[in-house]
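Read the structure below first, then the notes.
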Amino acid sequence: MDRLVLGGRVMARMKIDNYAYAQVPRLGLKGWLRWMWRQVTSMRVALILLLLLALASVPGSVLPQWPQDASNTQGFIDEYPFWGPLLDRLGFLDVFGSAWFTAIYLLLFASLIGCIVPRCLVYWRELREEVPAAPSRLDRYEPVTASTDRSPADALEDARSTLAGSGPAAWRWLTGYRVRIDERPAADGGEPVLALSAHRGHVREAGNLLFHVSLVAILLAVAAGSLLTYRGQALIVEGDTFVNAVAGYDSYESGPLFSEEQLEPWTLTLNSFDAQFDLSGLPTEFTAFATLTEPGQEPREVQAQVNRPIQVAGAKIYLQGNGYAPVFTVTDSAGQIAFQGAVPFLPQDSVYTSTGVIKVPDVTEGEQLGFTGTLLPTAYIDGDTAVSLHPAPTNPLVVLQAYTGDLGLDAGVPQNVYELDQSQLSPVRGDDDLPLVMMLEIGDTVELPDGLGAITFEELPRFAAFDLRRDPSLPWLLAAAITALTGLAMSLFAPRRRVWLTATSSPQSDGATTVVTAAAWASAHEVDATEQRDLALEAATGTVTRREDA
């Protein structure tokens, strides 16, 4: 035990660790659990957890995430051989599914619940109880007095009606005062004194609780949304039909509680896509014209524009992007059609210079064929340079380069449909022994060297990229956000004021029989409550005959 000399006396100083002494009461397991729960449910810890949740969300928006873009995430890991695997093991590449993010989320949820429930119970008990009685002395609140010929009971009843407000009960609860009137004996043994006490602070506390309850509702809505939602992206070429099934999506993800069997089997046919550009090439309007067919209903014409989605089966179909999908026909060395169809080319700049690949694995004989290409919607050729001047298809030109070999599609490893794996391919060479570069306009056919086949540029339809989202929690999330803002406004702007009145019989020479004294209090950062005090005094006395400092 440490010793401390104080005033010439030797004092024993106890250490903080109460387990060092057998005679000191110990917390025990129950005590430690109670202490930890009190720490978790403190407002300080709730604010810290809220800040941690915000900070933990930052990597989810900065780093690539497995659920949103698996290929990009894998590319990040390959590009950074040290940091990539390390961040993946720590959960930074799947932030919202990581154990540490879930722990923060659950602790914040528990902290808010632990803070709110006891306060709600206390607030409910306070509402059921009467407001505190008026102070016995009003001198320190700068009171004023007035005389009236009304009785004390009538005077204070009129003041009660004024302070309690008028209108529906809910409106009176929001804008009025909670009032009590009691009778107390006079200090000098004379006539008893009636005292009115009016409090207006319950709305502020209600707003504070509403705000915190709404935060819990937001957390619940976000959690329910992540469990019940699904989202997918699909690219549709003009004239093609999309079927709402997992196999029809280019990418698809859903919450753990959403099953593929819950997908409504509707279809969407892209009839046409209209893209408008000004002379400088800036887009002015994108519109997708489609036909939507839902189960048991007649097909209906729909349109999708930027930020104007199509509504279907509780989901929304957003127009996310667009481009060109040139149609090619490829024949192999035996003269058989080995490939025929539209190939989406992805835009790379504002004038829709687009790139794409053509994979031809099903040849009758010989090696497989592959092509990489660049589409120029409005081509301009200057010597060996070809560029696009405008995004509209005024003079479309496709520049292709051919390859032969093994496309790697039979290895069982997923490939990007917009990239050509050239590790087992050799470029097709022309008569000058240089890689063959072909330029095709619509309707052109080019024969490949060495009898490898031919390729034809048939036509140039457009494609539209759609993003489909279904999140049943969004209406609840919106409602919770609105109530949170409402509660915050109530807690910030609802006044906390108190008004007190006392009335006693006091015969006067001028005929007045009742003296009413009024005082008021407001918190330091609010507007002075004297206006409410004067209003209550005038309501109690009718026409004020005398008003002066008490």
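The values are calculated or read from the model by the stated rules, or taken from the named source; none is laboratory data. What you see is a predicted model; the values in this text were computed from it and never measured. No Cβ is skipped: glycine too gets one built from the backbone with ideal geometry, and neighbour counts run over all protein chains shown. Note: accessible area is taken over every heavy atom of the protein model, side chains too, but ligands, DNA and RNA are not part of it. Shrake-Rupley method; radii C 1.70, N 1.55, O 1.52, S 1.80 Å.
Tell me yes or no: at least one residue of region 367-377 is surrounded by fewer than 16 Cβ atoms within 10 Å (Cβ to Cβ) and not in a loop (DSSP other than H, G, I, E, B). Spell out the reasoning first.
Here is the first cut: in region 367-377, the ones surrounded by fewer than 16 Cβ atoms within 10 Å (Cβ to Cβ) are none.
So far as region 367-377 goes, no, none of its residues is surrounded by fewer than 16 Cβ atoms within 10 Å (Cβ to Cβ) and not in a loop (DSSP other than H, G, I, E, B).
Residues of region 343-366 that are open to solvent by less than 30 Å² (accessible area, probe 1.4 Å) and at positive phi: TYR352 alone.
GLN340 - would you say it is assigned to a strand (DSSP E or B), of a type outside the set (Ser, Thr, Tyr) and either under 35 Å from the mean Cα position of the chain (by Cα) or surrounded by 20 or more Cβ atoms within 10 Å (Cβ to Cβ) (or both)?
Working: assigned to a strand (DSSP E or B): yes; of a type outside the set (Ser, Thr, Tyr): yes; either under 35 Å from the mean Cα position of the chain (by Cα) or surrounded by 20 or more Cβ atoms within 10 Å (Cβ to Cβ) (or both): no.
No, not satisfied.
The residues in region 251-265 that are part of a loop (DSSP other than H, G, I, E, B) and either at pLDDT below 90 or open to solvent by less than 60 Å² (accessible area, probe 1.4 Å) (or both) can be counted, and the count is 5. Residue count for region 201-249, restricted to those that are among the acidic types (Asp, Glu), closer than 24 Å to PRO295 by Cβ and either modelled with pLDDT under 90 or not in a loop (DSSP other than H, G, I, E, B) (or both): 0.
On the given criteria, is VAL413 within 21 Å of VAL237 (Cα to Cα), at pLDDT below 95 and surrounded by fewer than 19 Cβ atoms within 10 Å (Cβ to Cβ)? Let's see the steps before the verdict.
Values: within 21 Å of VAL237 (Cα to Cα): no; at pLDDT below 95: yes; surrounded by fewer than 19 Cβ atoms within 10 Å (Cβ to Cβ): yes.
It is false that VAL413 is within 21 Å of VAL237 (Cα to Cα), at pLDDT below 95 and surrounded by fewer than 19 Cβ atoms within 10 Å (Cβ to Cβ).
Among the hydroxyl-bearing types (Ser, Thr, Tyr), open to solvent by 10 Å² or more (accessible area, probe 1.4 Å) and more than 30 Å from LEU268 (Cβ to Cβ), is that true of THR514? I'd like the intermediate steps shown before the answer.
Working: among the hydroxyl-bearing types (Ser, Thr, Tyr): yes; open to solvent by 10 Å² or more (accessible area, probe 1.4 Å): no; more than 30 Å from LEU268 (Cβ to Cβ): yes.
Judged against the criteria, THR514 is not a match.
Restricting attention to region 433-492, the residues that are open to solvent by less than 20 Å² (accessible area, probe 1.4 Å), of a type in the set (D, E, K, R) and part of a loop (DSSP other than H, G, I, E, B) add up to 0.
Where in region 9-92 are the helices (runs of 4 or more DSSP H), entirely inside, with at least 1 residues that are at pLDDT below 90 and open to solvent by 90 Å² or more (accessible area, probe 1.4 Å)?
Working: elements: 28-40, 43-62, 70-79, 83-89.
The helices (runs of 4 or more DSSP H) meeting that bar are 28-40, 43-62, 70-79.
Being part of a strand (DSSP E or B), modelled with pLDDT under 95 and within 17 Å of ASP149 (Cβ to Cβ) holds for only one residue in THR517, THR502, and it is THR517.
Scanning region 280-322 for residues that are touching an Asp or Glu at 6+ places or on another chain (Cβ under 9 Å), among the polar types (S, T, N, Q) and exposed (fewer than 13 other Cβ atoms within 10 Å of the Cβ) gives a single hit, THR284.
Somewhere in region 118-137, is a residue within 30 Å of ILE181 (Cβ to Cβ), β-branched (Val, Ile, Thr) and out of contact with any strand residue (DSSP E or B) (no Cβ under 9 Å at 6 or more places or on another chain)? Yes: one or more hits. Selection of region 293-319 for residues being under 27 Å from the mean Cα position of the chain (by Cα) and within 16 Å of ASP274 (Cβ to Cβ) yields GLN303, ALA304, GLN305, VAL306, ARG308, ILE310, LEU319.
Within region 154-172, the set of residues being free of Cβ contacts under 8 Å to residues at least 60 places away in the same chain and part of a helix (DSSP H, G or I) comprises ASP154, GLU157, ARG160, ALA164, ALA169, ALA170, TRP171, ARG172. Among the residues of region 330-384, those identified as under 19 Å from GLN422 (Cα atoms), out of contact with any helix residue (DSSP H, G or I) (no Cβ under 9 Å at 6 or more places or on another chain) and small (Gly, Ala, Ser) are GLY356, GLY370, GLY373.
Scanning region 252-273 for residues that are touching a Gly at 6+ places or on another chain (Cβ under 8 Å) and free of Cβ contacts under 8 Å to residues at least 24 places away in the same chain turns up just one, TYR252.
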